[in-house]
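Here's the structure we're looking at; comments come further down.
The values are calculated or read from the model by the stated rules, or taken from the named source; none is laboratory data. Owing to the predicted nature of the structure, the values given are computational and were not obtained by experimental measurement. Here the Cβ positions follow ideal geometry from the backbone for every residue, glycine too, while neighbour counts run over all protein chains shown.
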Amino acid sequence: MNNAKKLNTRHIALSGLLTALMLALGYVESLMPISVGIPGIKLGLSNSLLIFAIYMLGAKVSLVLMVLKVVLSGLLFGGVSAMAFSLAGGVVSVLVMILLKRVKGLSPIVVSMVGGAAHNVAQVALAMVILETTKLVYYMAVLLLVGLGMGTVTGIAAAAVLRHMVRIGGHMR
């Protein structure tokens with residue numbers, strides 16, 4: 001088998017593994033809701049795998065993985081409305097992280113922080129459009145801070161995995 005086919009096969013296998021892990025982490029996370037009196041707060045553990053994908057597999061694969069995660073999670077654990085909000089947050093978040101990854105000197109932690117904030121902003125913006133109200137802007141401010149905090153946690157996890165992957169011979173894109 002030539003090197004291009006080996007690499008393609010490896011990417012497909014890794015993509016399947018990452019999708020399964022994202023679904024498993026999403027399910028585990030749904031069993032342990034963070035209850036601080038603010039609805040919609042999640043740790044976003046599966047996003048650490050998405051950040052890993054952005055750095056190791058590239059933009060196109062990462063976007064596909066995010067869509068797979070949203071659709072499969074929605075079918076397995078949520079519903080159509082949950083999928084709409086997850087897709088809005090996911091698309092904006094991944095696109096922002098893909099763009100920020102290209103900025104020299106930004107760590108995966110910073111990229112993840114901004115991605116987490118972007119995810120929450122997109123979801124609240126969609127809710128404001130659907131509900132035809134701007135009153136949720138106050139909720140957006142709270143979730144913006146939560147997104148930065150949770151993005152820090154997932155970014156630290158992703159950065160640790162990336163460091164180890166590079167040490168064992170993986171290469172970042």
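So here's what we get for this one:
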{"read-out": "Residue that is modelled with the highest pLDDT [pool: residues in the range 1-19 that are surrounded by 12 or more Cβ atoms within 10 Å (Cβ to Cβ) and either of a type in the set (A, V, I, L, M, F, W, C) or touching a Pro at 6+ places or on another chain (Cβ under 8 Å) (or both)]", "value": "Leu18"}
{"read-out": "Boolean, Gly115 is at pLDDT 90 or above and within 14 Å of the chain's Cα centre (by Cα)", "value": "yes"}
{"read-out": "Single residue of Val94, Val71, Val103, Val67 found to be assigned to a loop (DSSP other than H, G, I, E, B) and without any contact (Cβ under 8 Å) to a residue 60 or more places away in the chain", "value": "Val103"}
{"read-out": "Tally, over the range 157-167, of residues that are within 15 Å of the chain's Cα centre (by Cα) and surrounded by fewer than 16 Cβ atoms within 10 Å (Cβ to Cβ)", "value": "0"}
{"read-out": "Which numbered condition Lys101 fails, given (1) charged (D, E, K, R); (2) under 20 Å from Leu50 (Cβ atoms); (3) modelled with pLDDT under 90", "value": "(3)"}
{"read-out": "Residue within the range 26-43 that is in contact (Cβ under 8 Å) with a residue 60 or more places away in the chain, among the charged types (D, E, K, R) and either closer than 17 Å to Gly151 by Cα or in contact with a Cys (Cβ under 9 Å, 6 or more places away or on another chain) (or both) present", "value": "yes"}
{"read-out": "Flag if Ser30 is assigned to a helix (DSSP H, G or I), in contact with a Phe, Trp or Tyr (Cβ under 9 Å, 6 or more places away or on another chain) and surrounded by fewer than 18 Cβ atoms within 10 Å (Cβ to Cβ)", "value": "yes"}
{"read-out": "Residue count for the range 33-64, restricted to those that are modelled with pLDDT of 85 or more and not in a helix (DSSP H, G or I)", "value": "2"}
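Table: residues versus (1) at pLDDT 95 or above; (2) in contact with a Leu (Cβ under 9 Å, 6 or more places away or on another chain); (3) under 17 Å from Met56 (Cα atoms); (4) surrounded by 20 or more Cβ atoms within 10 Å (Cβ to Cβ).
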{"residue": "Val124", "(1), (2), (3), (4)": "no, yes, no, yes"}
{"residue": "Ala127", "(1), (2), (3), (4)": "no, yes, no, no"}
{"residue": "Tyr138", "(1), (2), (3), (4)": "no, no, no, no"}
{"residue": "Val142", "(1), (2), (3), (4)": "no, no, no, no"}
